[in-house]
1. Compute the Rg to Rh ratio over the stretch 127-177 from the alpha carbon atoms, using the Kirkwood formula for Rh, and round to two decimal places.
2. Would you kindly compute the Cα radius of gyration of the stretch 47-141 and its largest Cα-Cα separation (Dmax), both in Å?
3. From the C-alpha gyration tensor of the chain, pull out the three semi-axes of the equivalent ellipsoid (sqrt of 5λ each), sorted largest to smallest, in whole Å.
4. So with the 1.4 Å probe, I'd like the accessible area per residue for the stretch 58-187, rounded to whole Å².
5. Would you list which aspartates and glutamates come within 17 Å of LYS62, measuring only between C-alpha atoms, while excluding same-chain residues fewer than 8 positions from it?
6. At a 1.4 Å probe, what is the % contribution of carbon and sulfur to the accessible area of the stretch 1-99?
7. Give me, ordered by chain and number, the residues 5 or more places off GLY40 or on other chains with an amide H under 5 Å from its own placed amide H.
8. Over all distinct Cα pairs, what is the inverse of the mean 1/r for the stretch 96-155, reported as the Kirkwood hydrodynamic radius in Å?
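The values are calculated or read from the model by the stated rules, or taken from the named source; none is laboratory data. It should be emphasised that the depicted structure is a prediction, and the values quoted were computed from it without experimental measurement. What goes into the accessible areas is simple: the full protein's heavy atoms, side chains included, and nothing from ligands, DNA or RNA. Shrake-Rupley method; radii C 1.70, N 1.55, O 1.52, S 1.80 Å.
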Amino acid sequence: VLPEGVSFDGVTDYLSRSTDLVGNVDGKTFTFSCWVYNIGGVQYVMDSYNASPTARNLIDIKTSNFLGLTFYDVGGASALSATTTAVVPKNTFSHILVSIDLTNTANRSIYINDVLAGVTWSTYVNSNINFTIPTWAISAVYTGSTKSKGRLSNLFIAREYLDLSIESNRRIFITADGTSTPAYQNWI
């Protein structure tokens, strides 16, 4: 069964929080998972921004339907910038699964619908990602001024690395037959 997800109208709908979570820390590792219904065009899955020092954590679907990641370190420099060479299929729910360990370039992968995606890694720096940015948004840019139309479900992020080449680690988030698991539903 594929998730139904939360619908966003691209005009007024989005989710945000303007305070950080208690106990949240900066770090070099994370795992991200969600189901997204790609309707085409730019679609902001998750975004955060801090003006000083400049910091941003962004996961989005580009107009080309490629998945993009942009993460800054605590000093305001780019720590991670990547774009898949595989598309997120349009007009259907797709599963996105990312796990990153900035200390080791062998420990990074992005899966789309349980298939390892080719990725162009523009920046990959061994530094702490700024996860303690206080403003976060789902289906919008951090200010909420630009919103995305589409649906999201089962959004999960943790500050740990999972080796996604191990099938049982992927099965936490997606079944072998490509459907949703109810195990994790978490938002920053």
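1. Here Rg/Rh amounts to 1.06.
2. Cα radius of gyration and Dmax of the stretch 47-141 are 13.5, 39 Å respectively.
3. 22, 20, 15
4. Dividing the accessible area of the stretch 58-187 by its residue count gives 41 Å².
5. ASP47
6. Carbon and sulfur atoms account for 53 percent of the accessible area of the stretch 1-99.
7. Excluding prolines and chain starts, which carry no amide H, the hits are ASN91.
8. Here the Kirkwood hydrodynamic radius works out to 14.2 Å.
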